[in-house]
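Here is the structure we will look at, set down as structure tokens.
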Amino acid sequence: MDRMDVIETIAGIQLPGHLHTAQSLQYAQEFQFQEGDIVIISYPKSGTTWMQEILTLIYSQGDTEVATSVPNWERAPWLEHTFFKDLLKEGEGPRIITTHLPSELLAPALQNSKAKVIYVARNPKDVAVSFYYFHKMAKFLPDFDSFTEFLQKFQDGQVHYGSWFQHVKGWYAQKTNLGLFYITYEALQKNFRHSLKKLCKFLGCPMYSRELDQIQNHCKFPVMSQNVMVNYTLIPHKIMDHDQSKFMRKGIVGDWKEHFTDEQNVEFDKLFQEKMSDCGLQFVWSL
Ligand code: A3P
């Protein structure tokens with residue numbers, strides 16, 4: 001497949017038009033959430049796949065059978081890709097649904113639903129780095145000559161799914177309204193067990209210690225990166241080229257330090273301050 005640099009503005013956000021049509025967005029916006037639905041919302045590269053795996057394991061009581069035999073996109077389908085429509089048909093709950101859509105587009109559909117909403121955020125410097133490598137391997141996204149070039153676009157919000165700042169702030173503003181469970185990639189890294197317990201409590205899924213152990217072991221980066229049901233190696237090479245970069249790349253906090261120059265870091269901090277000071281959200285930049 002040739003590189004597709006057809007990022008279009010659909011419903012006000014930058015999306016690859018070949019992946020997201022106006023119809024697929026309309027489908028998402030009109031989606032009927034049902035009681036028992038669990039919705040994972042995140043900006044790309046923030047730990048979405050990790051959360052899909054954690055939720056799969058929570059709902060299988062730590063049993064790894066489903067997680068090791070069904071691809072993650074079938075167990076936790078994407079709302080905005082119409083080709084998953086069949087998987088999202090009303091049915092036995094709980095349905096785990098995944099989306100990167102911004103709050104402007106999706107919050108109204110969730111407002112009157114009883115779905116449980118989980119928002120996963122990650123510090124934007126690491127998101128930018130991870131996203132840059134994802135653009136290298138994902139042939140359906142434009143390629144960039146350098147990280148510097150990509151970072152500029154990322155800061156300007158001229159990338160797939162638009163501005164990180166707007167995404168995080170927009171959803172965080174819905175925290176009370178939607179009873180949303182907000183969690184960060186860094187919190188999962190720092191204290192997985194604690195985060196897992198909080199998540200189980202939010203979901204109303206009490207777990208035995210042995211089950212928590214199983215989830216914790218299975219969701220470790222080295223284990224997940226070997227699980228073909230979740231590491232995207234089942235996707236044809238011409239769509240995701242793992243020779244360019246692995247999907248499960250490094251899985252650490254602070255890789256941005258290997259990529260940002262001092263000048264880029266200063267500029268980014270300034271931008272972060274400007275954009276985020278009104279919402280009070282803090283991020284952990286290294287562990
Ligand atoms: P890196 O590229 O920094 O390694 P998403 O699923 O939202 O696309 O996010 C992908 C990022 O999450 C990648 O980051 C990937 O390695 C990381 N990731 C996935 N599973 C992980 C895990 N179990 N532990 C830590 N990081 C994980």
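The values are calculated or read from the model by the stated rules, or taken from the named source; none is laboratory data. Source: prediction; values computed, not measured. Because the Cβ atoms are built from the backbone with ideal geometry, glycine has one as well, and the counts that use them run over all protein chains shown.
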Exercise. Considering the range 40-85 alone, what residues qualify as being more than 13 Å from the ligand (Cβ to nearest atom) and β-branched (Val, Ile, Thr)?
Worked result: Ile58, Thr64, Val66, Thr68, Val70, Thr82
Exercise. Between residues in the range 261-273 that are more than 14 Å from Asp126 (Cβ to Cβ) and residues that are among the hydroxyl-bearing types (Ser, Thr, Tyr), which pairs lie under 9 Å by C-beta distance while being six or more apart or on different chains?
Worked result: Thr261/Thr148
For this session: For the range 82-93, indicate whether the set of residues that are modelled with pLDDT under 95, over 24 Å from Leu178 (Cβ atoms) and among the acidic types (Asp, Glu) is non-empty.
Result: yes
For this session: Give the residue that is farthest from Thr184 (Cα to Cα), with candidates limited to residues of the range 273-284 that are outside any loop (DSSP other than H, G, I, E, B) and touching a Phe, Trp or Tyr at 6+ places or on another chain (Cβ under 8 Å).
Result: Lys275
Problem set entry | Per-region count, the range 105-136, residues of a type in the set (Ser, Thr, Tyr) and away from the ligand (no atom under 16 Å from the Cβ) | 1
For this session: Could you figure out which of (1) out of contact with any His (no Cβ under 7 Å at 6 or more places or on another chain); (2) crowded, with 18+ Cβ neighbours inside 10 Å; (3) closer than 20 Å to Gly179 by Cα isn't true of Gln32?
Result: (2)
Exercise. Among the helices (runs of 4 or more DSSP H) contained in the range 101-173, which hold 2 or more residues that are of a type in the set (Phe, Trp, Tyr)?
Worked result: 124-137, 147-156, 164-172
Exercise. So which residues in the range 179-211 are hydroxyl-bearing (Ser, Thr, Tyr) and either surrounded by fewer than 12 Cβ atoms within 10 Å (Cβ to Cβ) or more than 16 Å from the ligand (Cβ to nearest atom) (or both), if there are any at all?
Worked result: Tyr208, Ser209
